[in-house]
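The values are calculated or read from the model by the stated rules, or taken from the named source; none is laboratory data. None of these values were measured; they are calculated from a predicted model. Neighbour counts run over all protein chains shown; Cβ positions are idealised from the backbone, glycine included.
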Amino acid sequence: MVKVEDFKGSISDGFALIKEKGKWGFIDIKENNITEAIYENAYDFSEGLAAVNIGYKEKKKTIFSLNHIQTQSNSYSDSNLGKWGFIDAKGKEIIPLIYDEVESFENGLAIVKLNIQYGCINKLGDTIIPIEFDEIIKLTNALYAVRNNSKWGILNHDNQVILPIEYDNIRALDQISIAILKDKYYGIFSSVGKQVLPFIYHNIYHFCEGMAKVKLNGKYGFINDAFQLVVPACYDIVEDFSEGLAVVSMTKNWGFINKQSVEVIPLYYDYVSCFKNGLATVCINDKWGVIDKIGNELVPLKFNTIKVCEDGTFIGKQGIKQIYFEKNGNYL
């Protein structure tokens, strides 16, 4: 009998991982059929296949994430890692257990490591991106960043070169925009390899609500999704936009700007939180309160702490006393 406590992780593709006598297998939740538990390690099913391992040995007091193939450096020898391959829903070995590391299939490809190099295979086990790179990272649904020595490039899922291996760092900002580092400056390229922003910033961050943080000479601003600088890089700290407003700080004073770079709530708070459901907590002289998006004080700044609940109500605390507020700031 398989018990609930024998399950590991979530149900994926209708299957859940189970453990019996120290080995891992799978149970078909709908049919209640069990794939024999013979593996030292395994990942959830993805796109009809599950990664499984024979020979893996975990050392005591070493953290290993089952949701990510990276292990702590120097924690495992090659022999301790065993060998990986893939099985189908019937437990049939579709891709032989010959790889040192694997990631689950996404969009028809899986990243694999053989000996000391990485590449990608398809669900038939054919090598699509040659296993000849020092590192490979999935950037988007269709793009992979590849590294040899200290330089990076980009390939698509058909092994076509999008950008040559000559850049210092690469990361995805979203599914269509890639931040590229060259000679200490970042620019942006499209998913087809076209440069859409010159190498002018010291850092570029992910897009959120159509805006991305940029860093220049130690200060922060924002570009929009047309790659135009709409908020000058003049702030000490900025947070991602949330509900159309972004937290900004200058000389230790905090407030909010909109996407047109207007300081809609002036920078005079000691600290603020991002807006959620139209509300934000704010602090002056260690006293907390709540404001709305036009700066109206819904809960006065007189509490030692204040908590915004999931339903939009608040709990303010003064010493050992707790006071409850409705969404509009009225006492409950």
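Would you pick out the residues in the stretch 222-234 that are surrounded by fewer than 18 Cβ atoms within 10 Å (Cβ to Cβ) and either in a strand (DSSP E or B) or polar (S, T, N, Q) (or both)? Hits for the stretch 222-234 are N224, Q228, L229, V230, P232, C234. Filtered by the rule that a residue be exposed (fewer than 15 other Cβ atoms within 10 Å of the Cβ), modelled with pLDDT of 55 or more and farther than 23 Å from E106 by Cβ, the stretch 1-22 gives E20, K21, G22. For N149, the conditions (1) surrounded by fewer than 14 Cβ atoms within 10 Å (Cβ to Cβ); (2) closer than 22 Å to F222 by Cβ all hold with the exception of (2).
Examine the stretch 48-60 for a residue that is surrounded by 12 or more Cβ atoms within 10 Å (Cβ to Cβ), of a type in the set (V, I, T), at pLDDT 90 or above and closer than 17 Å to A89 by Cα, and state whether such a residue exists.
From the stretch 48-60, those surrounded by 12 or more Cβ atoms within 10 Å (Cβ to Cβ) are 48-58; that's our starting set.
Imposing the further condition that a residue be of a type in the set (V, I, T) reduces the set to 52, 54.
Subsequent filtering for residues that are at pLDDT 90 or above retains 52, 54.
The next check asks that each one be closer than 17 Å to A89 by Cα; those that pass are 52.
Yes, there is a match, as at least one residue in the stretch 48-60 is surrounded by 12 or more Cβ atoms within 10 Å (Cβ to Cβ), of a type in the set (V, I, T), at pLDDT 90 or above and closer than 17 Å to A89 by Cα.
Taking the listed residues S273, S249, the one that is of a type outside the set (A, V, I, L, M, F, W, C) and either over 25 Å from the mean Cα position of the chain (by Cα) or more than 22 Å from Q322 (Cα to Cα) (or both) is S249, with no other qualifying. Checking the stated criteria, L173 turns out not to satisfy the condition of being aliphatic (A, V, I, L, M) and closer than 30 Å to W24 by Cα. Can you spot a residue in the stretch 305-319 that is in contact with a Leu (Cβ under 8 Å, 6 or more places away or on another chain), in a loop (DSSP other than H, G, I, E, B) and modelled with pLDDT of 95 or more? No.
Can you tell me which residues in the stretch 153-210 are of a type in the set (K, R) and touching a residue at least 24 places away in the same chain (Cβ under 8 Å)?
Quick first cut of the stretch 153-210, residues of a type in the set (K, R) only: 171, 182, 184, 194.
Of everything in the stretch 153-210, just one residue is of a type in the set (K, R) and touching a residue at least 24 places away in the same chain (Cβ under 8 Å), namely R171.
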